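To start, the structure itself, in C-alpha cells.
The values are calculated or read from the model by the stated rules, or taken from the named source; none is laboratory data. Being a predicted model, the structure only gives us computed values, none of them experimental. Here the Cβ positions follow ideal geometry from the backbone for every residue, glycine too, while neighbour counts run over all protein chains shown. These accessible areas exclude ligands, DNA and RNA; they are computed on the full protein's heavy atoms, side chains included. Shrake-Rupley method; radii C 1.70, N 1.55, O 1.52, S 1.80 Å.
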Amino acid sequence: MQQDQETKTTGEAAAGRPPLIALRNVSKRFPGVLALDNCQFELAAGEVHALMGENGAGKSTLMKILSGVYQRDSGEILMDGHPVEIGEPRQAQALGIGIIHQELNLMNHLSAAQNIFIGREPRKGLGLFLDEEQLNRQTAEIFARMRLDLDPRTPVGQLTVARQQMVEIAKALSFDSRVLIMDEPTAALNNAEIAELFRIIRDLQAQGVGIVYISHKMDELRQIADRVSVMRDGKYIATVPMEGTSMETIIAMMVGRQLDGEHRTPPDTSANDVVLEVRGLTRGRAIRNVGFQLRRGEILGFAGLMGAGRTEVARAIFGADPLEAGEIIIHGGKAVIKTPADAVAHGIGYLSEDRKHFGLATGMDVQANIAMSSMGRFTKAGFIDHRAIRETARGYVRQLAIKTPSVAQQARLLSGGNQQKIVIAKWLLRDCDILFFDEPTRGIDVGAKSEIYKLLDALAAEGKAIVMISSELPEVLRMSHRILVMCEGRITGELSAAEATQEKIMQLATQRESAVVQ
C-alpha cells in the first residue's frame, strides 16, 4: 500500500527539477491530540494534487501549516528545493502560497476589487486617497487572466456563491500565487459552475500554478486531479497517480478498511403507523401544494435539484419559515407549528444543511452543544447540574463514536463528521420521534458517511421516522425506503426503493410545472 513518496509528474521528473513544494516529516501536536505524525506532501508546478482522507485525518492541519496559520513542531518545508520558514499567513502569501477556504472570507458590502486588494489598495495624492481607477484596472487584469467576465465594481453581496469563489481565487492570484490550496471548492456549486471552476483551474495549471485540491467527491477527482495523496489518523499513507487507480483503492487507503457494499434491501414500512402527514403546504413559489406521509421506522428520501424546495419544506414544517396554507398532522392530530420551539415540543428535530450556523454553537464545547436543546432536564431549582451534563455527553460520545479529546473540547476544533454527530446527539437526547436530516453528509468524508448511514439505519430500526434530504443521488438511493422528488416547489413523483434509479429521479427532478399532473 505504501507508495514512493518521491513520485513526480512526468514533466518534472524528465526535467530533473525539484518539486514546487515539499513537506518532509511534518508533525504537529495540540493538547491531547497528535494531529500530524511525520507527514509528507509534494506539489509540482502545473499540477493538481488531490489531498484526501477522512475528516480528522489531518489534511486541513497540514495545509494550515503550509499557509502559515499553524506552525509545525518538527519537519521542514521546501520550496523549489530550498528550505523556507512560514511563521504566519503573510509569509506564505509573500512566498506565493494562497488558500481558498471552504467558508469564503469576503465582505458583502465591498466591491469585488475592494475585497481582492483590501489593505493593499493603490493610493494617489501622496498616499492620502484611494486610487479607485487603478484598483479596478488591476482587478480587471486578474479577471482577464482567469477569463472571467465580471465587473470589478460589483458588490460581492450581489454575486452567486460560485462568483464569490472566483473572487477568492482572484484574491489569491493578486499575491502572484504559485501555489493555490482549494478546500472543498465545489461544495455549494452546481454542475455548470463546477465546469467553469475546472476551466479556470486548467488555465492556472497551464500557467504553472500548482494546486492542492481537497475534496471528498470522487467523480471530481477523475476529471481534475493528476495525483492523489491520502492521509489517515494524522499520518501520510500514500501518493498514487489518479489515472489507473481505482476509487475502491483510494477509499481503502482512506479508511483502512473495506466499506460496506452499496446494495441493501430496505425493510417494508408500508404497514407502520403514520407519524407525520402534511397536506397542501404552500409558501409562494417555494412550496406549492406539498403533501406527503411519513411512517414510523421509515427513511423517506427527498431528492431534487438545487432550489427545488426540499429545504424550504423542512424549514416550514419545523417552524423556521412561515406558511401561507396547509396542515401538519402529527400522530393523527393537527399540530400548530409557528416556531421551532413548537416543532420540538411536538417531537420534531431538524439537522440543518448549514450545521455551523444553525446546528452548532461552535464556540461552545461538546457537552454544552449536546445538552443545549434539553437544558430543562439538567436544571433543578434554578441550578444547572454540570456533572449530569458531562456524564450524558460522555455517553453519547461513546455511543456515536465521536472523536474528541474530551467533552470539554470546543466544537469548532472537531472535524465535520464529528460536528455532525454532535448535532445528532443533541436531537437524540431530546428523544425526537421525527427527524429531518438536511444534507447529512455534506462536507463529510466517505468513512464518516458510512458511520452516519449506519446511524440512520439504526435510528429507523428503533422506530424513529426520518426525512433525509440529499443532493447526492447515490446516497438517496442507498438510504431511502421511499423517495419523493421535487421540482420548482412541487412534488413531481414518488418512487419505491425497488423501482428508483438515478435516471428516473433526474427525469422527475427536471419535470417542469407544465408537465406536472394537476
Got a number for residues in segment 1-40 being open to solvent by less than 70 Å² (accessible area, probe 1.4 Å), at pLDDT 90 or above, in a strand (DSSP E or B) and out of contact with any helix residue (DSSP H, G or I) (no Cβ under 8 Å at 6 or more places or on another chain)?
5
Quick one: which of MET242, MET231 is open to solvent by less than 10 Å² (accessible area, probe 1.4 Å), under 18 Å from GLY58 (Cα atoms) and among the hydrophobic types (A, V, I, L, M, F, W, C)?
MET231
Whether any residue in segment 325-335 is more than 18 Å from GLU277 (Cβ to Cβ) and either open to solvent by less than 20 Å² (accessible area, probe 1.4 Å) or modelled with pLDDT of 85 or more (or both) is what I want to check.
no
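At least 2 residues that are of a type in the set (Val, Ile, Thr) and under 21 Å from VAL48 (Cα atoms) in each: list the helices (runs of 4 or more DSSP H) lying fully within segment 104-214 that qualify.
Numbers: elements: 112-116, 132-145, 161-173, 191-206.
Passing ranges, in order: 161-173, 191-206.
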With respect to the numbered conditions (1) open to solvent by less than 50 Å² (accessible area, probe 1.4 Å); (2) at positive phi, which one is the sole condition not fulfilled by LEU43?
(2)
Over segment 454-476, the set of residues in a helix (DSSP H, G or I), under 26 Å from MET306 (Cβ atoms) and free of Cβ contacts under 8 Å to residues at least 40 places away in the same chain is GLU475
For ALA461: the one exception among (1) on the phi > 0 side of the Ramachandran plot; (2) open to solvent by 20 Å² or more (accessible area, probe 1.4 Å)
(1)
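Quick check on this structure: which one of ARG295, ARG285 is open to solvent by 20 Å² or more (accessible area, probe 1.4 Å) and either at pLDDT below 95 or touching a Cys at 6+ places or on another chain (Cβ under 6 Å) (or both)? Write out each step before concluding.
On the way: ARG295 fails: either at pLDDT below 95 or touching a Cys at 6+ places or on another chain (Cβ under 6 Å) (or both).
Just a single option satisfies the conditions, and that option is ARG285.
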Looking for whichever is of a type in the set (A, V, I, L, M, F, W, C) and more than 13 Å from ILE422 (Cβ to Cβ) here; the options are ALA371, ALA325. Which one fits?
ALA325
Identify, from the list THR492, THR404, THR441, the residue that is assigned to a loop (DSSP other than H, G, I, E, B), within 30 Å of GLY284 (Cβ to Cβ) and β-branched (Val, Ile, Thr).
THR441
Six or more apart or on different chains, Cβ atoms under 8 Å: show the pairs whose first residue is in segment 187-207 and within 20 Å of GLY46 (Cβ to Cβ) and whose second is open to solvent by 40 Å² or more (accessible area, probe 1.4 Å) and of a type in the set (S, T, N, Q).
PHE198/GLN223
Every listed condition ((1) in the same structural domain as MET107 (by the TED database); (2) open to solvent by 60 Å² or more (accessible area, probe 1.4 Å)) holds for ARG222 save (1)
Taking into account only those residues within segment 46-91 that are open to solvent by 10 Å² or more (accessible area, probe 1.4 Å) and part of a strand (DSSP E or B), which is farthest from LEU20 (Cα to Cα)?
SER74
Being without any contact (Cβ under 8 Å) to a residue 24 or more places away in the chain, part of a helix (DSSP H, G or I) and within 18 Å of ARG283 (Cα to Cα) is the filter here; which residues of segment 305-358 pass it?
PRO340
